[in-house]
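Read through the structure below, which is laid out as structure tokens, and then see the notes.
A short reminder: the numbers here are calculations on the coordinates, not readings from a lab. Predicted model, so just to flag it, every value in this text is computed and none were measured. When we count neighbours, we look across all protein chains shown, and the Cβ atoms used for this are built from the backbone with ideal geometry, even at glycine.
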Amino acid sequence: MLSRQLGFISSWKMLTRDKGWLKPLCVLALVGWIPIVGQIVVLGYGFEWARLTAWGIDAAPKQHGVDYGKVLATGGRAFLVFMSMMIALALILGLVFRDVIVSSMLPIYIAFHSAGVSLPIDLGDGLRVGLIDALIALVINGFAMAAVMRTILYDNFAAGWRLDRICQMIGRDPGGFCKMLLVSLVGGLVGFVYSAVMFVLSGAVVAGGLLAFLMGSPHLIGHVSGEYLISRALSMGIGPIALIVVLAVVVLFIYGIISVAMQLVAMNAAGQWFCRFEVGRWGVSADPLPDGVPVKEVPSSQPEEGSNPYNR
């Protein structure tokens with residue numbers, strides 16, 4: 001069962017298992033451009049899928065029959081849990097670790113790029129502090145995702161703040177928690193690599209164009225200013241400018257698709273981790289975890305007997 005095979009590859013396989021899987025990613029990438037509301041929709045869609053995974057259902061994200069009201073409600077709860085936990089933990093870290101306060105954490109949580117990890121790397125001490133910041137941000141991000149999963153499973157905001165139960169889960173399965181963090185880290189690195197490649201390619205195109213222009217007009221070398229280049233670009237007409245704008249939009253749209261895909265994969269990985277704890281056996285939010293959990297991963301070729309929640 002892929003729902004219990006916690007990892008980036010298994011979560012990606014679940015995302016792409018149905019034909020037409022790219023279509024909802026494109027729609028979500030466009031919706032994600034809407035401030036706040038867009039990210040609420042992405043969170044709601046992703047965690048509704050993760051809810052099914054937590055119950056042990058091997059399913060891809062819905063393409064038809066989506067309950068948009070449920071998606072908005074789920075996304076709203078996720079938004080509130082992320083924001084409240086982010087603010088509380090940021091204040092605590094600001095008091096305890098004054099010299100290593102997380103500069104990368106606030107953008108991660110405010111933007112709700114659950115799958116992304118910012119690495120503010122400088123030289124010397126900046127490298128050390130930047131890596132520590134990124135590590136703290138990654139751990140807190142995973143902790144917040146676990147809180148959101150509890151909120152979604154119980155449909156209750158307070159359930160996400162049962163920090164004792166989240167710590168109990170981590171204590172029983174620290175390896176699974178680290179695997180969930182690794183999925184988020186891999187997703188962030190995928191987005192970072194794409195951004196880096198696009199930056200290098202765009203820089204090469206600009207440098208090549210400028211070099212060709214200067215070679216065609218050697219008398220201008222040393223006398224070219226930014227204002228002159230802008231005026232020359234405008235004199236070429238609307239065509240080249242429109243092409244540049246279209247290419248920029250395409251690059252950003254592709255990045256949006258990648259970002260949404262990595263977010264969904266990371267959210268689903270949280271559902272895979274929860275699936276290990278047999279959520280069907282849970283009691284009320286305050287109850288401790290049942291005995292015998294977490295369960296071991298089930299090989300895809302040998303599904304565990306009775307693991308289908310519909311047979312419970």
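Obtain the nm distance between the two label points defined at V246 and V205 by a simple spin-label model: each point lies 7 Å from its Cα along the Cα-to-C-beta direction.
1.2 nm
Find out how many positive minus negative residues lie around M267, taking Lys and Arg as positive, Asp and Glu as negative, among other residues whose Cβ is under 13 Å from that of M267.
0
What is the spin-label model distance, in nm, from T16 to H64 if the labels are put 7 Å beyond Cα along the C-beta direction?
2.4 nm
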